Amino acid sequence: MIKYSDIRIGDYLKAEYEGKMWEGEVVNLNGDEKQVCVQTGVQEFWFETDHLHPIELNEEALLKLAFQKQVGDDGSVKYLKGSFRIVTPVAGDFSKMEIWYREDRRHNPDVHYVHQLQNQYMDMTKIHLTGDPM
């Protein structure tokens, strides 16, 4: 489950309906009812937050978001999108990372899921992070 206050339009999430999980993009929010409209590959549908789940932040997700990967001599991995950078000390380990955009550097931000990265990216760049639909 994801807290309603953590969700923004444009975020990528997984929505659960009748036991099936659908990845999609948040296209609308209803603050009065705390409902989220998600566009899946099938259709737009309104969900309660207890039927929404985060997409894990991993290399596959970053590549879908159009990041480019660079491997350092020390085993660290840097993911680049324009001037935005994500550095992990070890390939595949996103538990410790550093993100930066120009002068704004954040060490070990609380980012474990795609929607959290999208929100950090928006906060830092003032542009919403998009890529291939999840």
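Every residue in region 9-38 that is surrounded by 14 or more Cβ atoms within 10 Å (Cβ to Cβ) and within 17 Å of Leu65 (Cβ to Cβ), please.
Gly10, Asp11, Tyr12, Leu13, Lys14, Glu23, Gly24, Glu25, Val26
Filter region 47-87 down to residues that are more than 26 Å from Glu25 (Cα to Cα) and in contact with a Ser or Thr (Cβ under 7 Å, 6 or more places away or on another chain), then give me how many there are.
2
Mind checking which residues of region 71-96 are surrounded by 12 or more Cβ atoms within 10 Å (Cβ to Cβ) and either closer than 19 Å to Asp11 by Cβ or among the polar types (S, T, N, Q) (or both)?
Listed by number, the residues that qualify are Ser76, Tyr79, Lys81, Phe84, Ile86, Thr88, Phe94.
If I filter region 36-45 for residues that are over 23 Å from Val111 (Cβ atoms) and among the small types (Gly, Ala, Ser), do I get at least one hit?
Looking through region 36-45, at least one residue is over 23 Å from Val111 (Cβ atoms) and among the small types (Gly, Ala, Ser).
Do you know which residues across region 102-133 are in contact with a helix residue (DSSP H, G or I) (Cβ under 6 Å, 6 or more places away or on another chain) and crowded, with 19+ Cβ neighbours inside 10 Å?
Passing the criteria: Val111, Val114, Leu129.
Looking at this structure, is His112 in the same structural domain as Ala66 (by TED's automatic domain parsing), within 14 Å of Asp6 (Cβ to Cβ), modelled with pLDDT under 95 and not acidic (Asp, Glu)?
It is true that His112 is in the same structural domain as Ala66 (by TED's automatic domain parsing), within 14 Å of Asp6 (Cβ to Cβ), modelled with pLDDT under 95 and not acidic (Asp, Glu).
The values are calculated or read from the model by the stated rules, or taken from the named source; none is laboratory data. Predicted model only: the values in this text are computed from it and were never measured. Here the Cβ is made from the backbone with ideal geometry for all residues, glycine too, and neighbour counts use every protein chain on show.
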